[in-house]
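**Student:** Handing you a structure now.
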Amino acid sequence: MGLKVYVHAFGCRSSLCEGEYIAGALKSYGAEIVKEYDSDTDAAIVVTCSVTNEADRKCRRLVRSLRGKIPGGVIAVCGCWSQGLDVNAAREMGIDILAGTKGKNILPRAVMDMLNTTRNFQDLRTQDIFSPSEWEELSLTQPVMHSRAFIKIQDGCNHFCTYCIIPFMRGRPVSRPIKNIIDEVQRLIDGGTKEIIFTGIHLGIYGRDIDTSLSALIRETAKISGLHRLRMGSLEPFCLDDELLAALSECGAFCHHLHLPLQSGDDDILADMRRGYRASDFVKVCEKARAFLGDDLHISSDIIAGFPGESDTAFMNTLDVMRASGLGRVHVFPYSERKNTIAATLPGKIPHDVKISRVEQAITLGRELLENYAERFVGHDVEILIEHDSKGHTRHYIDAECVGENNEIVTARALRYDNGKFECVRGN
């Protein structure tokens, strides 16, 4: 009781979700979850990411900072970066508990136990990441670090895009039983949560290993009384079939926003990435999604600039597909070479300055596309979930600023869209 614990999650929504679960478990043991760390902090847990070299650097930098600021505290790491971390490197950085992408359900207890015993280094990782595994149950009664509730329903990936290291860190796909998910959603709603986000490493293949599907889960979730908002994490374009779109269209709580990673708009680059679709397929998927969900559907995406062999023409094709798809928010990353991936062996490496130039061009276009999309709501009422300091998101996942209490859903008039967000005023 009274122990101060800092929890930080890097990376994707699944990592954010895992951070919430860990914080919730520690809080249930009586720990105080603090937003900042200092010399009085008793322990720190970092949920790590390894999707790019920059993600690795951020994890390493935070761990070293934590060790310097809390020399007597317990430091634990888990997640993708720590799964591949050398034991000697972990010891050198001052890590006390080294966990990976599995076993997060036992990590909170291990931290609490170490706080009350000697500080002997522990390596909790599963070494054979590809061995068959069952769902590791983690539960959440109320979000600790966010207003919205991220619920992890799937883990692992078997797609093996040539640039991606994550399947080697997360292992084979595994799905969470529907009943466990529904029970957790109900608990969160009963506790006052307004928005639920389903997350996973390869969310679209949820259920294939347990004889069900994401569409079946959506239909069961839609039956829950009191559900205000439901969102999906990232969905691969080839997973967005008619059955799933129909289930989403029939769910009144579903917020009209989908995140569909494009990565490239050039067919040759997509083939080298092993994405499993062509540029024209992506455009058609966006059109089909709007046919089911309406023209106001916000489609956000990811772009990788500077993949090996990407010519100027190939990059321009990506910009053309961004326009043709009517994308909104776009996350753009320079290609990051990951050791032991197929892409690392491909010829045609792109110079750093060219990659950065292409990133900037794609970001600029993305801002224009998002502004074009957002302008349709200016002068109209929008529904906003206030998350912190009078800031939040509309149902279509546009940043908004409006007077309101945290975790309050308000209806307000969007006066203007400026600097990436709506400026709103509430009515009488």
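Rule-based calculations on the coordinates, nothing more; no lab input. Remember, it's a predicted structure, so these values are computed and weren't measured experimentally. Here Cβ is always computed from backbone atoms with ideal geometry, including for glycine, and neighbour counts include all displayed protein chains.
**Student:** Which log10 I(q)/I(0) values does segment 387-428 give at q = 0.25, 0.27, 0.28 Å⁻¹ under the Debye formula, counting every alpha carbon as one identical point scatterer?
**Tutor:** -0.83, -0.96, -1.03
**Student:** Right, something else. Name the trypsin sites (Lys or Arg not before Pro) in segment 1-37 that are in a loop by DSSP and that have at most 16 other C-beta atoms within 10 Å, would you?
**Tutor:** Listed in order of number, the matching sites are Lys35.
**Student:** Compute the projected area of the convex hull of the Cα atoms of segment 34-180, averaged over all viewing directions, and report it in nm² to one decimal place.
**Tutor:** It is 9.9 nm².
**Student:** Give the residue list of trypsin sites (Lys or Arg not before Pro) in segment 328-413 that are DSSP loop and have at most 10 other beta-carbon atoms within 10 angstrom.
**Tutor:** Answer by residue number: Lys339.
**Student:** Using just the helices of the chain, give the 222 nm mean residue ellipticity in deg cm²/dmol: DSSP H runs with n ≥ 4 each add -39,500 (n - 2.57), and the total is spread over all residues, rounded to 500.
**Tutor:** Using -39500 (n - 2.57) per qualifying helix, the result is -10500 deg cm²/dmol.
**Student:** Straight-line reach from Lys288: which lysines fall under 29 Å, measuring Cα to Cα and dropping same-chain residues less than 8 apart?
**Tutor:** Here the lysines satisfying the reach criterion relative to Lys288 are Lys152, Lys194, Lys223, Lys421.
**Student:** On to the next question. Taking Cβ-Cβ under 4.7 Å as the only way to count a partner, pick out the unpartnered cysteines of the chain.
**Tutor:** Cys12, Cys17, Cys49, Cys59, Cys78, Cys80, Cys157, Cys239, Cys251, Cys255, Cys286, each lacking another Cys Cβ under 4.7 Å.
**Student:** Let me ask something else about it. Kirkwood hydrodynamic radius (Cα pairs, Å) of segment 53-137?
**Tutor:** Its Kirkwood hydrodynamic radius stands at 13.5 Å.
**Student:** Can you pull the Kirkwood radius for segment 2-108, inverse mean 1/r over Cα pairs, to one decimal in Å? If you can, show how the numbers build up before the last one.
**Tutor:** Numbers: mean 1/r = 0.0740 Å⁻¹.
For segment 2-108, the Kirkwood estimate is 13.5 Å.
**Student:** Please work out the Cα center distance from segment 196-268 to segment 1-39, rounded to the nearest Å.
**Tutor:** 27
**Student:** Also: Using only C-alpha positions, report the orientation-averaged shadow area of the convex hull of segment 313-428, nm², one decimal.
**Tutor:** If you wrap the Cα atoms of segment 313-428 in a convex hull and average its projections, you get 9.7 nm².
**Student:** If I model a spin label as a point 7 Å beyond the Cα along the Cα-Cβ vector, how far apart are those points for Asn105 and Asp267 in nm?
**Tutor:** In this crude label model, Asn105 to Asp267 measures out at 4.7 nm.
**Student:** Also, quick follow-up: Please figure out what share of the DSSP beta bridges in the chain is antiparallel and state it in percent, rounded to the nearest 5.
**Tutor:** The answer is about 35 percent antiparallel.
**Student:** When only alpha-carbon atoms count, how far does segment 279-328 stretch along each of its three principal axes, as whole angstroms with the largest first?
**Tutor:** Cα spread of segment 279-328 along its principal axes, largest to smallest: 36, 17, 14 Å.
**Student:** Under Stokes-Einstein, with the Kirkwood radius over Cα pairs standing in for Rh, what whole-number D in µm²/s applies to segment 153-241 at 20 °C and 1.002 mPa s?
**Tutor:** In µm²/s, the coefficient is 155.
**Student:** What is the Å³ per residue value for the convex hull set by the Cα atoms of segment 99-197? Write down the numbers at each step before the final one.
**Tutor:** Details: hull volume 14.0 nm³, N = 99.
Normalising the Cα hull of segment 99-197 by residue number yields 141 Å³.
**Student:** Now for a separate question. If you average 1/r across every pair of different Cα atoms in segment 258-382 and take the reciprocal, what Kirkwood value do you get, in Å?
**Tutor:** Answer for segment 258-382: a Kirkwood hydrodynamic radius of 15.1 Å.
**Student:** Suppose the chain between Glu54 and Ser139 were pulled fully straight at 0.36 nm per residue; how much longer would it get relative to their current alpha carbon spacing?
**Tutor:** 27.5 nm
**Student:** Would you calculate the volume per residue, in Å³, of the smallest convex hull containing every Cα atom of the chain?
**Tutor:** 146
**Student:** May I ask you to compute the full-extension gain from Asp295 to Glu375, defined as 0.36 nm times their residue separation minus their alpha-carbon distance, rounded to one decimal in nm?
**Tutor:** 27.4 nm
**Student:** In segment 203-287, which trypsin sites (Lys or Arg not before Pro) are in a loop and have at most 16 other Cβ atoms within 10 Å, using DSSP for the loop call? Write down the numbers at each step before the final one.
**Tutor:** Values: sites: Arg208, Arg219, Lys223, Arg229, Arg231, Arg274, Arg275, Arg278, Lys284; in loops: Arg208, Lys223, Arg274, Arg275, Arg278.
Counting only loop positions with at most 16 other Cβ atoms within 10 Å, the trypsin sites (Lys or Arg not before Pro) in segment 203-287 are Arg208, Lys223, Arg274, Arg278.
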